[in-house]
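Rule-based calculations on the coordinates, nothing more; no lab input. None of the values given here were measured: they were computed from a predicted structure. Cβ sites come from the backbone with ideal geometry, for glycine too, and all protein chains shown count toward neighbours.
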Amino acid sequence: MRAWALACGLALAALSAARAAEAPLALRPVVEAEEDVYSYEPANNGAGPLWCHGSTALVRLGDRVFATGLETLKGAKPLNNCRWLLFERTPDGWKLRQADPQGRTREPCPLAAFRDGRLFLSVNPTLAPPEAVVGPARPEILQFAAANAAAPPTTLLPVWDGAPPFCEHSYRSFAADGPGGELVLFQNIGYTHAEWAFRDREGRWAAKGRLVWPFG
């Protein structure tokens, strides 16, 4: 019995050693810089600059690094009292490349990028008048050229399944397959489900649908 237990112990030890030898090296992140990108005034609308629900506000394309920001509009009434900002990191520090010239929104706008230099910003401008607290919104994706992020963007309109009642409470998730050149956007409808739209590498909104939450 002792010999069997010893043999099992040696076998397990050998298996553990083999697995450890095959395991990839642990990642060791190194902080190279800590920098202020921009300052933010609270909008008192229930959201904030990092209210992206897992989507990123920072992307890199080669040596170019971009960040999205949120600015509170002076004199604007909550909830849609903010606008998006687009920054680029340069040898001279972070520079503001663009700001929404006319739209108003509540939440921050996540970024995505393709390897070919296209940069995408998921925005959710309100369609409600300035005096309204809440109201409908229209999800859009703005396409920029990383080589000239100050140039006016192209507006892409996702194709949805029907006419979902989008509003300022978007709680969206936005992601890209950079090498493959594909985009997917999930945008919530209340607490029941998320509408989603997929854009393929040919630039077609090739699929759409809804993701229903288990608790309904």
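The phi torsions of the range 82-96, fed into the Karplus equation with coefficients 6.51, -1.76 and 1.60 and a -60° offset, translate into couplings of 9, 9, 7, 10, 10, 10, 10, 8, 10, x, 9, x, 6, 10, 6 Hz, rounded to whole numbers, with Gly and Pro shown as x.
Cα to Cα, under 18 Å, and not fewer than 8 places away if on the same chain: which aspartates and glutamates meet these conditions relative to residue 95? Qualifying aspartates and glutamates at Cα under 18 Å: 34, 35, 36, 63, 71.
Other residues within the sphere of radius under 15 Å centred on the Cβ of residue 86, judged by their own Cβ, net out at +3 (K and R +1, D and E -1). Which of the aspartates and glutamates could a cross-linker span from residue 77 if the Cα-Cα distance has to be under 19 Å and same-chain partners fewer than 8 positions apart are dropped? Hits, sequence-local ones excluded: 41, 100, 107, 131, 168.
Computed packing ranks the peptides 168-175, 206-213, 110-117, 43-50 as 168-175, 110-117, 43-50, 206-213, most packed first, by mean other Cβ atoms within 10 Å.
For a quick check of your reading of the filter: which GluC sites (Glu not before Pro) in the range 43-141 sit in a DSSP loop and have no more than 12 other Cβ atoms within 10 Å? Walk me through the intermediate numbers first.
Numbers: sites: 71, 88, 131, 140; in loops: 131.
In loop regions of the range 43-141 (DSSP not H, G, I, E or B), the sparsely surrounded GluC sites (Glu not before Pro) are 131.
Across the range 54-179 the C-alpha pair distances fall into 10 Å bins from zero in the proportions 13, 44, 32, 10, 1 percent.
The Cα trace of the range 151-216 gives Rg and Dmax of 12.8, 44 Å, the first to one decimal, the second as a whole number.
Can you compute the charge dipole magnitude of the chain about its Cα centre, using +1 on each Lys and Arg Cβ and -1 on each Asp and Glu Cβ, nothing else charged? Give it in debye, rounded to the nearest 20.
Working: 22 positive and 22 negative charges, 76 e Å.
The calculation lands at about 360 debye.
Across the range 148-163, rounded Karplus estimates of 3J(HN,Hα) from the backbone phi angles (6.51 cos²θ - 1.76 cosθ + 1.60, θ = phi - 60°) give 8, 5, 7, 6, x, x, 9, 9, 10, 9, x, 9, 9, 7, x, 10 Hz, Gly and Pro being marked x.
Take the chain, drop everything but the C-alpha atoms, weight them equally and run the Debye formula without solvent; then report log10 I(q)/I(0) at 0.12, 0.15 Å⁻¹ to two decimals. For the requested q values the scattering log ratios are -0.69, -0.99. Averaging the Cα positions of each part gives two centres, and for the range 55-102 and the range 135-177 these lie 15 Å apart. Scattering from the range 79-134 was approximated by placing one identical point on each alpha carbon and applying the Debye formula without solvent; log10 I(q)/I(0) at 0.27 1/Å stands at -1.12.
Helical content of the chain, expressed as a calculated mean residue ellipticity at 222 nm, amounts to -3500 deg cm²/dmol (DSSP H runs of 4 or more residues, -39,500 (n - 2.57) each, divided by residue number, nearest 500).
Using only side-chain charges placed at the Cβ, +1 for Lys and Arg and -1 for Asp and Glu, the dipole size of the range 83-203 relative to its Cα centre rounds to 300 debye.
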